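Below: the structure, in structure tokens.
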Amino acid sequence: MKFRYDINALRALAVVLVTLYHFKVPGFAGGFIGVDVFFVISGFLMTNIICKHSAAQPFHLVTFYMARVSRIIPALLGLILALAVMGYFVLIPEYYQKFAHNALASLAFFSNYQYAAESAGYFDLAAEENILLHTWSLSVEWLFYLLYPIVLYPFLRKKYHIKVVLWLMFVLSLCYASYLLHTNAKGAFYFLSSRIWEMVLGGLVAIYPMSLTVWRSRLLATMGWLCLLAAVWFYGVATPWPAYYALLPTLGTACIIAANTDYKCLKWVWIQYLGKYSYSIYLWHWPVAFYGFYFVSVTEHIPYFKVWAIGSSLLLGALSYYGIERPSAKWAKQHTQPHVFAGIAVAMLTLIAGLQYVQQAQGFPQRIAAQTRQNFDYVVNSDPKRKQCHFASGVDVKFCQYGKGKQLKAIVWGDSHANAVVNAVATASEKNDGHILSWTSSSCPTVLGIQSQADSKFNCNRQLQRFFLEVQSYPKETPIIVVNRLNAYLHGNNETQNGQPQTFVYTPYSLRNLQKFQGEIIQGYEQAICQLSQTHPVYVMQPIPEMGKNVLNEELKYSMILHQGLQMTVSKHQHLQRSNLALITNAQLAQRCGVKLLDPLPYLCDQKQCYGSRNNVPYYFDDDHLSLRGARRLAPLFEPLLK
């Protein structure tokens, strides 16, 4: 097949879209479709290689596989080796160990299934902590390269049978992807079985060549380019993906390839160079973006950082192409297949051995001073009784005692934010020879009728009913301190890019039904607390500031490099703006039901900033839960009501 300038231009567009999307450039919220463009191109090219090659001479699987090996693996090895060396000096142990773990999965080409099994989805901010997140698509493509020729091989002599096989694969995979979209969204995104229809679509274009007049060809190509632009413009992280939603960009790509029209602009030198470098740019752009996010406390203050970062991605892509891709391709042509295989295998096994050592060494924590590690250690900063006294969703909650005093001074009730402050309440109670009881469960707010879209074991409402029954056995004068991350239940998490609320009462969260959804949450919240206020004095904690970034990790990474942490803050105005609905709700609650409100801001904020850490002391053990030392600052808030 002769060189196709339009396909190379599609490669250029695809890598530019993905790069601009990952760097969060405005106007490119749908840039993730670039990967789908790559998939269709791969399907077209591989089908051509398999079917057209067999017509001229016998098709050899080994030759096919070795061509893919020499094309894909050398540049990937170079990337992982460079990241391993750099990571030793800048990645905290947790991240470095995670890098080694993900690198092994990437080299084994099953990272797509590994990421599908993890809690964070592709569009979540938590996924930004994975420096090899983008290798999921390489794993999908490699599995496709491995299985596709085996499936087609028995039918190479009968073109009709190949058509039937391709149509069956296309329909079944698309239907399966559409099913998974509503039952296992991460599986729909990452699995080969839910993605292969996109490659097969390219294969159908190859197996049904079109002979069009010039104007019809250009019309078809123009429609294809418009489909891609529409997808970039109208799609975003809230778009369920991929399945039938991906038909717009994939059919657009198929139209462009089928039209086989070389517009003059597609032959522009810079477009063709981008297409030539596209694989290496794709490999390098995400690690550059990752380090931008990793050091965001610094990079957000660098003028035009995104411009520099995107330029660096292009430069590294070009260096990888000329330094690895082209020399390795030349080397592969000059040597026999066994020699090429042996050379790449030795390089892979050596790198794998090194990565396993990093993983077994737990990311080499000794790179950081022992005192610094202890200061920012999760165990040191979180509730020492968390495993025994804080309960996961689906588990029956029970009362747990904190403090050694004789008298019961209070009961702390709520979600994980309540667990985060329970030691501070216990400390305040011990000053008056008291102790407290806690009843806390993760993601279980004090909202009657609450249910979950995401967790089939979610039984929060049952735990609320049990609490109402069991609390009656304690003296009526015992104060109940209610603590919830109410902002998250009303608006969603702010540490995830697509942090939509997963819990609801009757109406699941959607922008269309936002007021109804929030109204039902507020109603269930008021019912629970007002019901409790009829038998006990109730104190409601106002929203605790959320940092949006993991404070321990942020402090540790800068302490590792600069030997001192950075002061973590969020503006007080930003916190109050996010908390506005929660503050209004609590004020109405105080008026209607006589509950009293506890304001944590005077202890965690000054006039302008709320602090996640100060003077190398973390006030949070992640992005939104107070650490032991952070919660201790609230002890004076609780002392008056525990006397």
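The values are calculated or read from the model by the stated rules, or taken from the named source; none is laboratory data. All values derive from a computational prediction rather than experimental measurement. Cβ coordinates were reconstructed from backbone atoms using ideal geometry, including for glycine residues, and neighbour counts include every protein chain displayed. For accessibility, only protein heavy atoms count, side chains too; no ligands or nucleic acids. Shrake-Rupley method; radii C 1.70, N 1.55, O 1.52, S 1.80 Å.
Met541 fulfils the conditions (1) within 30 Å of Phe376 (Cα to Cα); (2) over 25 Å from the mean Cα position of the chain (by Cα); (3) open to solvent by 20 Å² or more (accessible area, probe 1.4 Å); (4) not polar (S, T, N, Q) except for a single criterion, (3).
Residue-by-condition table, conditions (1) more than 28 Å from Arg373 (Cα to Cα); (2) open to solvent by less than 60 Å² (accessible area, probe 1.4 Å); (3) charged (D, E, K, R):
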site: Arg578; (1), (2), (3): yes, yes, yes
site: Leu604; (1), (2), (3): no, yes, no
site: Tyr611; (1), (2), (3): no, yes, no
site: Asn615; (1), (2), (3): no, no, no
site: Phe621; (1), (2), (3): no, yes, no
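Here Leu408 fulfils each of the conditions (1) in a loop (DSSP other than H, G, I, E, B); (2) surrounded by 16 or more Cβ atoms within 10 Å (Cβ to Cβ); (3) not basic (Lys, Arg) apart from (1).
The single residue among Phe99, Phe123, Phe44, Phe38 that is in a helix (DSSP H, G or I), on the phi < 0 side of the Ramachandran plot, under 21 Å from the mean Cα position of the chain (by Cα) and in contact (Cβ under 8 Å) with a residue 24 or more places away in the chain turns out to be Phe99.
Going by what's in this entry, would Val570 be described as in contact with a Phe, Trp or Tyr (Cβ under 8 Å, 6 or more places away or on another chain) and crowded, with 17+ Cβ neighbours inside 10 Å?
Working: in contact with a Phe, Trp or Tyr (Cβ under 8 Å, 6 or more places away or on another chain): no; crowded, with 17+ Cβ neighbours inside 10 Å: yes.
No.
Residues in the stretch 524-546 that are closer than 16 Å to Tyr603 by Cα and in a loop (DSSP other than H, G, I, E, B): Gln542, Pro543, Ile544, Pro545, Glu546.
Just for the stretch 58-90: of the residues that are hydroxyl-bearing (Ser, Thr, Tyr) and within 17 Å of Leu351 (Cβ to Cβ), which one is most open to solvent (accessible area, probe 1.4 Å)?
Step one: of the stretch 58-90, the residues hydroxyl-bearing (Ser, Thr, Tyr) are 63, 65, 70, 88.
From what is left, the residues that are within 17 Å of Leu351 (Cβ to Cβ) are 70, 88.
Details: Ser70: 25, Tyr88: 97 Å².
Restricting to residues being hydroxyl-bearing (Ser, Thr, Tyr) and within 17 Å of Leu351 (Cβ to Cβ), the top hit is Tyr88.
Assess whether Leu448 counts as being touching a residue at least 12 places away in the same chain (Cβ under 8 Å), within 15 Å of His390 (Cα to Cα) and either in contact with a helix residue (DSSP H, G or I) (Cβ under 7 Å, 6 or more places away or on another chain) or open to solvent by less than 70 Å² (accessible area, probe 1.4 Å) (or both). Reasoning before the result, please.
Working: touching a residue at least 12 places away in the same chain (Cβ under 8 Å): yes; within 15 Å of His390 (Cα to Cα): no; either in contact with a helix residue (DSSP H, G or I) (Cβ under 7 Å, 6 or more places away or on another chain) or open to solvent by less than 70 Å² (accessible area, probe 1.4 Å) (or both): yes.
When the stated conditions are applied, Leu448 does not pass them.
Each row is one residue, and each column tells you yes or no for (1) of a type in the set (A, V, I, L, M, F, W, C); (2) within 21 Å of Phe621 (Cα to Cα).
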site	(1), (2)
Tyr506	no, no
Ser510	no, no
Lys516	no, no
Gln523	no, no
Ser533	no, no
Val538	yes, no
Ser559	no, yes
Met568	yes, yes
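Evaluating Lys276 against the criteria (1) open to solvent by less than 50 Å² (accessible area, probe 1.4 Å); (2) more than 17 Å from Gly31 (Cα to Cα); (3) not in a loop (DSSP other than H, G, I, E, B) leaves one unmet condition, (1). When the residues of the stretch 286-304 are narrowed to those that are open to solvent by less than 30 Å² (accessible area, probe 1.4 Å) and over 17 Å from the mean Cα position of the chain (by Cα), which ends up modelled with the lowest pLDDT? Among residues in the stretch 286-304 that are open to solvent by less than 30 Å² (accessible area, probe 1.4 Å) and over 17 Å from the mean Cα position of the chain (by Cα), the one modelled with the lowest pLDDT is Ser297.
Just to be sure I understand the filter: pairs with C-beta atoms under 9 Å, separated by 6 or more residues or on different chains, first member in the stretch 515-543 and touching a residue at least 40 places away in the same chain (Cβ under 8 Å), second member among the basic types (Lys, Arg) and in a loop (DSSP other than H, G, I, E, B). Which pairs pass? From residues that are touching a residue at least 40 places away in the same chain (Cβ under 8 Å), the pairs are Thr535/Lys476; His536/Lys476; Pro537/Lys476; Pro543/Arg485. For Asn487, the stated conditions hold: it is part of a helix (DSSP H, G or I), under 28 Å from Lys24 (Cα atoms) and in contact (Cβ under 8 Å) with a residue 40 or more places away in the chain. The residue that is least open to solvent (accessible area, probe 1.4 Å), counting only those in the stretch 125-158 that are acidic (Asp, Glu) and either in contact with a strand residue (DSSP E or B) (Cβ under 9 Å, 6 or more places away or on another chain) or under 26 Å from Asp622 (Cβ atoms) (or both), is Glu128. Taking Gln337, is it polar (S, T, N, Q) and farther than 26 Å from Tyr96 by Cβ? So Gln337 passes the test.
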